[in-house]
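Step one of this worksheet: look at the structure below.
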Amino acid sequence: MSSTITYTVSGMSCGHCEKAINEEVSALAGVTEVTADAQAGTVTISSASPLDEEQVRAAVDEAGYELVGRSA
């Protein structure tokens, strides 16, 4: 069962920010697609199965940004 979730991320301001988050989150097991959007302040993650939010938080933190929570 695939899953797609959008999270709000603070601190992104440019394409370099998007790339850093894409690289870290893409490394998580099961992730099939990552789309970070600095303008919107979001990252949308598609995965083969639901991800543990703490793993996503850790990957975003590793990239140097803060996962605020799920977007509406």
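Throughout, read-outs are computed from the coordinates displayed, never taken from laboratory work. Bear in mind the structure is a predicted one, so any value in this text is a computation, not a measurement. Positions of Cβ are backbone-derived with ideal geometry, glycine not excepted, and every protein chain shown enters the neighbour counts.
List of remarks:
- Put a dot 7 Å past the Cα of ILE5, heading toward its Cβ, do the same for ASP61, and the two dots end up 1.6 nm apart.
- Cβ-Cβ distance of GLU23 and SER49, R₀ of 35 Å, FRET efficiency by 1/(1 + (r/R0)^6): the value works out to about 0.95.
- Counting every alpha-carbon pair across the chain, the share separated by more than 14 Å comes to 49%.
- Its DSSP H runs of at least 4 residues, each contributing -39,500 (n - 2.57), put the calculated 222 nm mean residue ellipticity of the chain at -10000 deg cm²/dmol, to the nearest 500.
- Degrees between helix 15-26 axis and first principal axis of the chain (Cα, 0 to 90, nearest 10): 20
- The chain: angle of helix 53-63 to the longest principal axis, Cα-based, in degrees nearest 10: 40
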